[in-house]
């Protein structure tokens, strides 16, 4: 995954409900603006339910040139021909995830608020590292809280792209894009947006644009 300016990285809600209805919501979101990736993150779902979700949502993502990333399970990601996998610190080392999905798929790694963990992941070949949480999130009770400075330092010193995650909304996206995030991972900020998911994607992309302008004015990358 090459280093972008900053792009939106969408994560599914923890439960999809009626899959056909959610497929329509996803189509609306992806049609509204640039989304680099969709992570299917269904912690409480069975393998059969995840498989069905990927079967239905994958073609929608790919029709919009949005990479399909599966959370936690490299073996299932490979079997379902996903574009990549995202693993946490308690799942497995990045090198093992890479071995299981192969060299051509994306591997992303949760690194909490730790540059040390992120450097280890980068050394093992991670395509991106994820820092967070930056804000309280209704989706996940994060064990750590990261500060925007970690994005700036990472941007200045490392080539591996970084993802900001945790409670991000259109109101907070600008500052994280300005700080140096390559991707902003958003879940509730899209799916629970009062104006709907399409409006959320438009608002988030506008905020990212403003943040990149701020970064440029400040002399950032």
* Structure fact -> Rounded to whole Å, √(5λ) for the Cα gyration tensor eigenvalues of the chain, largest first, gives 24, 22, 15
* Gain in length, residue 90 to residue 123, computed as 0.36 nm per residue apart minus the alpha-carbon separation, to one decimal in nm? -> 10.1 nm
* Decide, for the stretch 20-60, between rounded, prolate and oblate: order the square roots of the alpha carbon gyration tensor eigenvalues as a ≥ b ≥ c, take rounded if a/c falls under 1.5, and otherwise choose prolate if a/b is larger than b/c, else oblate. => prolate
* Structure fact -> To the nearest 0.05, the calculated FRET efficiency linking residue 159 and residue 192 through their beta-carbon distance, R0 being 45 Å, is 0.85
* Structure fact -> So residue 75 and residue 28, fully extended at 0.36 nm per residue minus their Cα-Cα distance, gain in nm 13.9 nm
* Structure fact -> Everything considered on the Cα gyration tensor (a ≥ b ≥ c; rounded for a/c under 1.5, else prolate if a/b is larger than b/c, else oblate), the stretch 119-221 must be described as oblate
* Asked: When the helices in the chain are scored as -39500 (n - 2.57) per DSSP H run of 4 or longer and the sum is shared across all residues, what 222 nm value do you end up with, to the nearest 500 deg cm²/dmol?
  -> -13000 deg cm²/dmol
* Structure fact -> The whole-number value in µm²/s of the Stokes-Einstein translational diffusion coefficient for the stretch 12-119, with Rh from the Kirkwood sum over alpha carbon pairs at 25 °C and 0.890 mPa s, is 171 µm²/s
* Assuming a ≥ b ≥ c are the square roots of the Cα gyration tensor eigenvalues, decide whether the stretch 70-163 counts as rounded (a/c under 1.5), prolate (otherwise, with a/b larger than b/c) or oblate. => oblate
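Where a number appears in this text, it was derived from the coordinates with a stated rule and is not lab data. No experiment lies behind these values; they were computed from the predicted model shown. With ideal geometry, Cβ positions are generated from the backbone for all residues, glycine too; neighbour counts draw on all protein chains shown.
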